[in-house]
1. Mind grabbing the accessible area of F35 for me, 1.4 Å probe, Å², rounded to tens?
2. Under a plain spin-label model, where a point goes 7 Å from the Cα along Cα-to-Cβ, how far apart in nm are N2 and T14?
3. Using a Förster radius of 35 Å, what is the FRET efficiency between L22 and S161 based on their Cβ-Cβ separation? Nearest 0.05, please.
4. So how exposed is V171, as accessible area in Å² (1.4 Å probe, rounded to 10)?
5. From largest accessible area down, sort R5, R130; use a 1.4 Å probe on the protein chains.
6. Using only the heavy atoms of the protein chains and a 1.4 Å probe, how would K95, K10, K185 rank by accessible area, largest first?
7. Using Cα centres only, tell me the gap between segment 1-69 and segment 126-167 in whole Å.
8. I'd like the accessible area for I240, computed on protein heavy atoms only with a 1.4 Å probe and all protein chains in place. Round to 10 Å², please.
Amino acid sequence: MNVLRAERIKLFSTRAPWWCGLLAVAAPLGFTLLFFLLTGPEITADVGNTQLATGIGRTVALVLAVLAATSDSGWGTLRLTFQAVPRRVPALLAKGAVVFLLCALLGLLAGAGSWGLAALARPDADLALRTAADWRLVLGQTVTFALTGLLGVGVGLLLRSTAAALTLVLVWTQLVEGLVLLIPKVGADIYQWLPFYAASQFAGGDFTRSALKLSPPLGPWGYLGYFAAICVVFFAAGVITADRRDA
(Lines give C-alpha, C1' and ligand atoms only; values in the text may rest on other atoms or scores of the structure.)
Protein backbone atom coordinates (compact mmCIF):
# COMPACT_ATOMS: atom_id res chain seq x y z
CA MET A 1 0.00 0.00 0.00
CA ASN A 2 2.86 2.38 0.72
CA VAL A 3 4.28 1.77 -2.75
CA LEU A 4 0.89 2.44 -4.33
CA ARG A 5 0.54 5.61 -2.28
CA ALA A 6 3.99 6.77 -3.32
CA GLU A 7 3.24 6.18 -7.01
CA ARG A 8 -0.03 8.09 -6.68
CA ILE A 9 1.74 11.04 -5.10
CA LYS A 10 4.42 11.04 -7.78
CA LEU A 11 1.86 10.87 -10.56
CA PHE A 12 -0.15 13.86 -9.36
CA SER A 13 2.80 15.97 -8.26
CA THR A 14 3.10 17.52 -11.74
CA ARG A 15 0.57 19.31 -13.90
CA ALA A 16 0.80 17.04 -16.93
CA PRO A 17 -1.47 14.24 -15.60
CA TRP A 18 -4.09 16.78 -14.54
CA TRP A 19 -4.14 18.42 -17.97
CA CYS A 20 -4.08 15.08 -19.78
CA GLY A 21 -6.90 13.74 -17.63
CA LEU A 22 -9.00 16.83 -18.28
CA LEU A 23 -8.39 16.66 -22.03
CA ALA A 24 -9.03 12.91 -22.19
CA VAL A 25 -12.56 13.53 -20.90
CA ALA A 26 -13.29 16.99 -22.33
CA ALA A 27 -12.30 16.19 -25.93
CA PRO A 28 -14.77 13.32 -26.52
CA LEU A 29 -17.47 15.12 -24.56
CA GLY A 30 -17.06 18.30 -26.59
CA PHE A 31 -17.02 16.46 -29.92
CA THR A 32 -20.10 14.44 -29.01
CA LEU A 33 -22.00 17.52 -27.89
CA LEU A 34 -21.22 19.36 -31.12
CA PHE A 35 -22.04 16.30 -33.23
CA PHE A 36 -25.51 15.90 -31.74
CA LEU A 37 -26.24 19.63 -31.69
CA LEU A 38 -25.23 20.23 -35.30
CA THR A 39 -26.49 17.09 -37.03
CA GLY A 40 -30.06 16.80 -38.12
CA PRO A 41 -32.48 13.92 -38.63
CA GLU A 42 -30.45 12.72 -41.63
CA ILE A 43 -27.96 11.24 -39.12
CA THR A 44 -29.31 8.28 -37.20
CA ALA A 45 -28.85 8.98 -33.50
CA ASP A 46 -27.91 5.77 -31.75
CA VAL A 47 -25.76 4.75 -28.81
CA GLY A 48 -22.81 3.93 -31.07
CA ASN A 49 -22.70 7.50 -32.34
CA THR A 50 -22.24 8.77 -28.79
CA GLN A 51 -18.86 7.02 -28.66
CA LEU A 52 -17.38 8.16 -31.99
CA ALA A 53 -14.81 10.47 -30.35
CA THR A 54 -13.66 8.27 -27.49
CA GLY A 55 -10.63 7.28 -29.55
CA ILE A 56 -9.37 10.83 -29.02
CA GLY A 57 -9.66 10.35 -25.28
CA ARG A 58 -7.83 7.02 -25.45
CA THR A 59 -4.95 8.68 -27.27
CA VAL A 60 -4.66 11.32 -24.56
CA ALA A 61 -4.82 8.60 -21.89
CA LEU A 62 -1.98 6.87 -23.74
CA VAL A 63 0.07 10.08 -23.57
CA LEU A 64 -0.69 10.38 -19.84
CA ALA A 65 0.54 6.82 -19.25
CA VAL A 66 3.74 7.39 -21.21
CA LEU A 67 4.48 10.53 -19.20
CA ALA A 68 3.82 8.66 -15.96
CA ALA A 69 6.34 5.98 -16.95
CA THR A 70 9.08 8.22 -18.34
CA SER A 71 8.95 11.14 -15.91
CA ASP A 72 10.82 9.12 -13.27
CA SER A 73 13.78 8.74 -15.60
CA GLY A 74 13.59 12.34 -16.74
CA TRP A 75 13.52 13.77 -13.23
CA GLY A 76 15.93 11.26 -11.73
CA THR A 77 13.41 9.91 -9.22
CA LEU A 78 13.55 6.37 -10.60
CA ARG A 79 16.86 5.75 -8.87
CA LEU A 80 15.44 7.01 -5.58
CA THR A 81 12.40 4.77 -5.99
CA PHE A 82 14.55 1.70 -6.49
CA GLN A 83 16.67 2.65 -3.48
CA ALA A 84 13.52 2.75 -1.37
CA VAL A 85 12.15 -0.45 -2.96
CA PRO A 86 15.18 -2.62 -3.85
CA ARG A 87 12.90 -5.27 -5.31
CA ARG A 88 11.92 -3.26 -8.35
CA VAL A 89 8.98 -5.27 -9.62
CA PRO A 90 6.52 -4.21 -6.86
CA ALA A 91 7.25 -0.54 -7.55
CA LEU A 92 6.78 -1.02 -11.29
CA LEU A 93 3.56 -2.98 -10.80
CA ALA A 94 2.31 -0.25 -8.47
CA LYS A 95 2.96 2.36 -11.15
CA GLY A 96 1.00 0.29 -13.65
CA ALA A 97 -1.85 -0.21 -11.18
CA VAL A 98 -2.16 3.51 -10.42
CA VAL A 99 -2.21 4.44 -14.11
CA PHE A 100 -4.60 1.57 -14.87
CA LEU A 101 -7.12 2.80 -12.26
CA LEU A 102 -6.80 6.44 -13.29
CA CYS A 103 -7.34 5.64 -16.97
CA ALA A 104 -10.30 3.42 -16.05
CA LEU A 105 -11.90 6.39 -14.29
CA LEU A 106 -11.21 8.63 -17.29
CA GLY A 107 -12.79 6.04 -19.59
CA LEU A 108 -15.89 5.83 -17.42
CA LEU A 109 -16.28 9.61 -17.42
CA ALA A 110 -15.66 9.85 -21.18
CA GLY A 111 -18.02 7.02 -22.14
CA ALA A 112 -20.88 7.74 -19.77
CA GLY A 113 -20.43 11.50 -20.12
CA SER A 114 -20.59 11.37 -23.92
CA TRP A 115 -23.77 9.34 -23.80
CA GLY A 116 -25.33 11.67 -21.21
CA LEU A 117 -24.48 14.82 -23.18
CA ALA A 118 -25.87 13.28 -26.37
CA ALA A 119 -29.13 12.50 -24.58
CA LEU A 120 -29.35 16.09 -23.35
CA ALA A 121 -28.50 17.56 -26.76
CA ARG A 122 -31.01 15.37 -28.63
CA PRO A 123 -33.81 14.52 -26.19
CA ASP A 124 -35.91 13.31 -29.13
CA ALA A 125 -33.33 10.65 -30.04
CA ASP A 126 -33.72 7.09 -28.84
CA LEU A 127 -30.51 6.62 -26.85
CA ALA A 128 -31.84 4.27 -24.20
CA LEU A 129 -29.47 1.52 -23.05
CA ARG A 130 -31.63 -1.51 -23.70
CA THR A 131 -29.21 -4.22 -24.76
CA ALA A 132 -25.94 -5.61 -23.47
CA ALA A 133 -24.26 -4.18 -26.57
CA ASP A 134 -25.47 -0.68 -25.67
CA TRP A 135 -24.07 -0.99 -22.15
CA ARG A 136 -20.82 -2.38 -23.56
CA LEU A 137 -20.36 0.63 -25.82
CA VAL A 138 -20.85 3.11 -22.97
CA LEU A 139 -19.21 1.34 -20.04
CA GLY A 140 -16.66 -0.52 -22.14
CA GLN A 141 -14.61 2.66 -22.38
CA THR A 142 -13.61 1.98 -18.78
CA VAL A 143 -11.85 -1.21 -19.86
CA THR A 144 -10.25 0.06 -23.07
CA PHE A 145 -8.93 3.24 -21.43
CA ALA A 146 -7.49 1.21 -18.53
CA LEU A 147 -5.75 -1.24 -20.87
CA THR A 148 -4.45 1.67 -22.94
CA GLY A 149 -2.89 3.01 -19.75
CA LEU A 150 -1.04 -0.27 -19.24
CA LEU A 151 0.16 -0.14 -22.83
CA GLY A 152 1.49 3.39 -22.38
CA VAL A 153 3.34 2.50 -19.19
CA GLY A 154 4.90 -0.48 -20.95
CA VAL A 155 6.11 1.62 -23.88
CA GLY A 156 7.43 4.27 -21.51
CA LEU A 157 9.36 1.74 -19.43
CA LEU A 158 10.82 0.15 -22.55
CA LEU A 159 12.04 3.40 -24.11
CA ARG A 160 12.55 5.57 -20.97
CA SER A 161 12.86 8.66 -23.17
CA THR A 162 9.73 10.83 -23.05
CA ALA A 163 10.37 12.24 -26.52
CA ALA A 164 10.95 8.83 -28.11
CA ALA A 165 7.98 7.18 -26.41
CA LEU A 166 5.57 10.02 -27.21
CA THR A 167 6.76 10.14 -30.80
CA LEU A 168 6.20 6.41 -31.19
CA VAL A 169 2.69 6.31 -29.72
CA LEU A 170 1.48 9.46 -31.47
CA VAL A 171 2.89 8.50 -34.87
CA TRP A 172 1.35 5.05 -34.49
CA THR A 173 -2.10 6.19 -33.40
CA GLN A 174 -2.39 9.25 -35.61
CA LEU A 175 -0.55 8.12 -38.73
CA VAL A 176 0.53 4.50 -39.05
CA GLU A 177 -2.78 2.76 -38.35
CA GLY A 178 -4.51 4.94 -40.94
CA LEU A 179 -1.79 4.56 -43.56
CA VAL A 180 -2.00 0.78 -43.35
CA LEU A 181 -5.32 1.03 -45.17
CA LEU A 182 -3.50 2.41 -48.22
CA ILE A 183 -1.49 -0.78 -48.73
CA PRO A 184 -2.84 -2.39 -51.90
CA LYS A 185 -4.91 -5.58 -51.53
CA VAL A 186 -3.89 -6.47 -47.97
CA GLY A 187 -4.24 -3.11 -46.22
CA ALA A 188 -7.77 -3.68 -44.94
CA ASP A 189 -6.91 -7.17 -43.73
CA ILE A 190 -3.88 -5.93 -41.77
CA TYR A 191 -5.83 -2.96 -40.40
CA GLN A 192 -8.33 -5.25 -38.71
CA TRP A 193 -5.53 -6.68 -36.54
CA LEU A 194 -4.10 -3.36 -35.35
CA PRO A 195 -4.47 -2.66 -31.62
CA PHE A 196 -6.55 0.49 -31.57
CA TYR A 197 -8.91 -0.78 -34.23
CA ALA A 198 -9.40 -3.76 -31.93
CA ALA A 199 -10.18 -1.44 -29.01
CA SER A 200 -12.73 0.46 -31.07
CA GLN A 201 -14.50 -2.76 -32.03
CA PHE A 202 -15.16 -3.52 -28.38
CA ALA A 203 -16.19 -0.06 -27.23
CA GLY A 204 -16.60 2.57 -29.90
CA GLY A 205 -18.56 3.68 -32.87
CA ASP A 206 -18.38 1.47 -35.96
CA PHE A 207 -17.91 4.39 -38.37
CA THR A 208 -14.68 3.02 -39.87
CA ARG A 209 -16.05 -0.50 -40.20
CA SER A 210 -19.25 0.62 -41.88
CA ALA A 211 -17.56 3.22 -44.11
CA LEU A 212 -15.00 0.71 -45.39
CA LYS A 213 -17.43 -2.21 -45.40
CA LEU A 214 -15.09 -4.34 -43.30
CA SER A 215 -15.96 -7.76 -41.97
CA PRO A 216 -13.96 -8.10 -38.74
CA PRO A 217 -12.60 -11.61 -38.09
CA LEU A 218 -13.37 -11.36 -34.36
CA GLY A 219 -16.38 -10.34 -32.31
CA PRO A 220 -16.31 -7.52 -29.72
CA TRP A 221 -15.19 -9.76 -26.86
CA GLY A 222 -12.60 -11.47 -29.03
CA TYR A 223 -11.18 -8.09 -29.95
CA LEU A 224 -11.10 -7.12 -26.28
CA GLY A 225 -9.07 -10.22 -25.46
CA TYR A 226 -6.73 -9.50 -28.36
CA PHE A 227 -6.25 -5.86 -27.32
CA ALA A 228 -5.76 -6.87 -23.67
CA ALA A 229 -3.09 -9.40 -24.67
CA ILE A 230 -1.15 -6.75 -26.61
CA CYS A 231 -1.32 -4.29 -23.70
CA VAL A 232 -0.28 -6.88 -21.10
CA VAL A 233 2.64 -8.08 -23.26
CA PHE A 234 3.99 -4.53 -23.64
CA PHE A 235 3.54 -3.82 -19.93
CA ALA A 236 5.24 -7.09 -18.93
CA ALA A 237 8.10 -6.39 -21.34
CA GLY A 238 8.51 -2.92 -19.85
CA VAL A 239 8.57 -4.25 -16.29
CA ILE A 240 11.09 -6.97 -17.12
CA THR A 241 13.34 -4.53 -18.99
CA ALA A 242 13.22 -1.90 -16.22
CA ASP A 243 13.92 -4.57 -13.62
CA ARG A 244 17.08 -5.78 -15.38
CA ARG A 245 18.81 -2.62 -16.54
CA ASP A 246 20.54 0.19 -14.66
CA ALA A 247 18.28 2.89 -13.25
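1. 50 Å²
2. Label-label distance for N2 and T14, simple model: 2.5 nm.
3. 0.90
4. The value for V171 is about 60 Å².
5. These residues rank, largest area first, as R130, R5.
6. Putting K95, K10, K185 in descending order of accessible area: K185, K10, K95.
7. Measuring centre to centre over Cα atoms gives 9 Å.
8. Its accessible surface works out to 90 Å², give or take rounding.
The values are calculated or read from the model by the stated rules, or taken from the named source; none is laboratory data. Source: prediction; values computed, not measured. Note: ideal-geometry Cβ built from the backbone for every residue, glycine included; neighbour counts use all protein chains shown. Ligands, DNA and RNA are excluded from the accessible area calculation, which covers all protein heavy atoms including side chains. Shrake-Rupley method; radii C 1.70, N 1.55, O 1.52, S 1.80 Å.
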